[in-house]
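The values are calculated or read from the model by the stated rules, or taken from the named source; none is laboratory data. Owing to the predicted nature of the structure, the values given are computational and were not obtained by experimental measurement. Neighbour counts are summed over all protein chains in view; Cβ atoms, including those assigned to glycine, are modelled from backbone coordinates with ideal geometry.
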Amino acid sequence: MTPEALAEDIKSGKLSRDRILKLKRNLLTHLGDPKKGELAQALLDTIARTEIPPSMAEYIFMGYCPGGRVENALDEMWIRDSYCDFTYVESQAQVDKFFDIEPGDILILKKMLVDTQEMDISAWGKVKSIHTSKQTGIPYLRVDWKPKEILRVPLMGCVATVNVRTLDKVENAMPAEFWDWLKS
C-alpha cells in the first residue's frame, strides 16, 4: 500500500476506524525494521494527517485541569497555540484513549461539575493532525479550536480527562442548545 492510496482509503471511509487503529498499531511494530521501517513511518505519517469522514468522527470531551485543579488549567494555552496534549501517563487507559483520537475527531473542552452531574463546555475544535513531541515522545494533536461561551450540559458519564463518545451517544444525551453551540 502506498501513502497516497492509504490517504484515499481513509478519506473515502473505505477503512473503518477500527481498521485504521489496528493498522496504526501494526505499523508501530515495524518502525525499527530495516526493510519495512521507512514505509511504516510514511504510512503512519499519512494516518496522522488524513481526516476521517465526518460520519466516523468521535466526540472527545477533554478535561483541561490536571489533578482537577483550576489553577492547573491548560485551556488558554491549548487554544492560543492550536494544540492539545495529554501527559497524565499514570493512567494507561487514558493514554490509550488519547492515542486513538484521529484527525477529523471533535474535541470539546469540559469542566465537570460534581454537585450537579453536569459539565461546562467552553470550546471545541476539529483535530487536524497528530504529532509526537521530539522531547517527550508523547503524542499531541493540532486542533482548530473555536472558543465559545460556556454552556452547561449533561455530564454523560464524562468523569475522566479523556472521554470518548460516539455521535449516537452525543445525539441521545445532548440538548438542542449543544448543537446550536457547535454551529454558531
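So which residues in segment 84-124 are in contact with a Phe, Trp or Tyr (Cβ under 7 Å, 6 or more places away or on another chain) and aromatic (Phe, Trp, Tyr)?
Within segment 84-124, Phe86, Phe98 meet the criteria.
Keeping to segment 50-99, report how many residues are under 20 Å from Lys146 (Cβ atoms) and in contact with a Pro (Cβ under 6 Å, 6 or more places away or on another chain).
2
Just one of (1) in contact (Cβ under 8 Å) with a residue 12 or more places away in the chain; (2) exposed (fewer than 13 other Cβ atoms within 10 Å of the Cβ) trips up Thr132, so point out which.
Answer for Thr132: the failing condition is (1).
Residues of segment 1-23 being within 14 Å of Glu102 (Cα to Cα) and either touching a residue at least 60 places away in the same chain (Cβ under 8 Å) or part of a loop (DSSP other than H, G, I, E, B) (or both), which ones? Steps first, answer last, please.
So the first thing to find is which residues in segment 1-23 are within 14 Å of Glu102 (Cα to Cα), and the list is 7, 10-11, 13, 15-23.
Result: Gly13, Leu15, Ser16, Arg17, Ile20, Leu21.
Go through segment 49-70 and give me each residue that's surrounded by 18 or more Cβ atoms within 10 Å (Cβ to Cβ) and not in a loop (DSSP other than H, G, I, E, B).
Taking segment 49-70 and keeping what is surrounded by 18 or more Cβ atoms within 10 Å (Cβ to Cβ), we get 50-52, 56-64.
Result: Met56, Tyr59, Ile60, Phe61, Met62, Gly63.
Check Leu31, Leu109, Leu43 and return the single one that is touching a helix residue (DSSP H, G or I) at 6+ places or on another chain (Cβ under 9 Å), outside the structural domain of Trp179 (by TED's automatic domain parsing), farther than 18 Å from Ser129 by Cβ and of a type outside the set (S, T, N, Q). Reasoning before the result, please.
Numbers: Leu109 fails: outside the structural domain of Trp179 (by TED's automatic domain parsing); Leu43 fails: farther than 18 Å from Ser129 by Cβ.
Matching residue, one of Leu31, Leu109, Leu43: Leu31.
What is the number of the single condition among (1) over 26 Å from Thr2 (Cα atoms); (2) out of contact with any Lys or Arg (no Cβ under 6 Å at 6 or more places or on another chain); (3) aliphatic (A, V, I, L, M); (4) touching a residue at least 12 places away in the same chain (Cβ under 8 Å) that Met119 does not meet?
Among (1) over 26 Å from Thr2 (Cα atoms); (2) out of contact with any Lys or Arg (no Cβ under 6 Å at 6 or more places or on another chain); (3) aliphatic (A, V, I, L, M); (4) touching a residue at least 12 places away in the same chain (Cβ under 8 Å), the lone unmet condition for Met119 is (2).
Going through segment 75-90 one residue at a time, which ones are in contact with a helix residue (DSSP H, G or I) (Cβ under 8 Å, 6 or more places away or on another chain) and buried (at least 18 other Cβ atoms within 10 Å of the Cβ)?
Cys84, Phe86
For segment 108-143, what are the residues that are basic (Lys, Arg) and more than 27 Å from Leu155 (Cα to Cα)?
Of all residues in segment 108-143, those basic (Lys, Arg) come to 110-111, 126, 128, 134, 142.
The one that is basic (Lys, Arg) and more than 27 Å from Leu155 (Cα to Cα): Lys134.
So that you can scan it fast, the table gives a plain yes or no per residue for (1) among the small types (Gly, Ala, Ser); (2) in contact with a Lys or Arg (Cβ under 8 Å, 6 or more places away or on another chain):
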| residue | (1), (2) |
| --- | --- |
| Ala48 | yes, no |
| Ile52 | no, yes |
| Ser55 | yes, no |
| Tyr59 | no, yes |
| Glu71 | no, no |
| Glu90 | no, no |
| Asp96 | no, no |
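Does Ala40 count as buried (at least 16 other Cβ atoms within 10 Å of the Cβ), of a type outside the set (S, T, N, Q) and over 24 Å from Lys126 (Cβ atoms)?
Spelling it out, Ala40 is indeed buried (at least 16 other Cβ atoms within 10 Å of the Cβ), of a type outside the set (S, T, N, Q) and over 24 Å from Lys126 (Cβ atoms).
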